[in-house]
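Have a look at the structure below before the remarks.
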Amino acid sequence: MKNITKLKTVVSLLLILGSSYTNAQITKAEIRATGLTCSMCSNAINKQLKSLTEVLNVETDLNTNTFTVTLKENNELNPKIFKDKVEKAGFFIGSLMITAKSEIISKNPYVVVNNKKSGVTETQFQVVDKGYVTDKEFKKLSKTYKDISTYVLNSEDDFHIKILN
């Protein structure tokens, strides 16, 4: 009887821990890259993004250096994978806008920096951490969000997001 109680406790803990660290079910990511000078540059990023098995499609706008990534349902991706792929291609993210299922906003590792509530099934948000915005923008945001203790720490484990819709 004690073993069954212990097993139930362990299973309950695993379910609680698993649900609190669920990654976003991202449906779309819009990445504006910096440092691109030609179409070969965009090809390098395009190739890196398409190497993700969760990617359905990547659309590129060479005029704005924007990559719109459409993802498969029920993916386990988080914003860091996009940053890693862009940097692996030799470039940096100037902005990252994400469309994801709304319920993930309240879960770790997401920290909402504005008090805007989204009443829709999908939420669009911008990741405002260092490495997801330009250096100039980050300096400005650091002053704006100085009262958010986790923002000042620059932890790669948290994603500070600004809800847009």
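The values are calculated or read from the model by the stated rules, or taken from the named source; none is laboratory data. Note that the structure is predicted; figures quoted are calculated from it, not measured. FYI the Cβ positions are ideal-geometry reconstructions off the backbone, even for glycines, and counts take in every protein chain you see. Keep in mind that these areas ignore ligands, DNA and RNA; they rest on the heavy atoms of the full protein, side chains included. Shrake-Rupley method; radii C 1.70, N 1.55, O 1.52, S 1.80 Å.
Peptides 148-156, 69-77 ordered by packing proxy, namely the average of other Cβ atoms within 10 Å per residue, highest first: 69-77, 148-156.
Distance check, please: which entries in 72/162; 107/146; 72/136 exceed 31 angstrom between their Cα atoms? Long pairs (Cα-Cα over 31 Å): 72/136. One quarter of the convex hull surface, Cα atoms only: what value does that give for the stretch 25-163 in nm²? That works out to 8.1 nm².
Taking a Cβ cut-off of under 9 Å around residue 108, the surrounding Lys, Arg, Asp and Glu residues balance to a net charge of -1, with basic ones at +1 and acidic ones at -1.
Note on residue 135: accessible area approximately 110 square angstrom, rounded to 10, probe 1.4 Å, nucleic acids and ligands left out.
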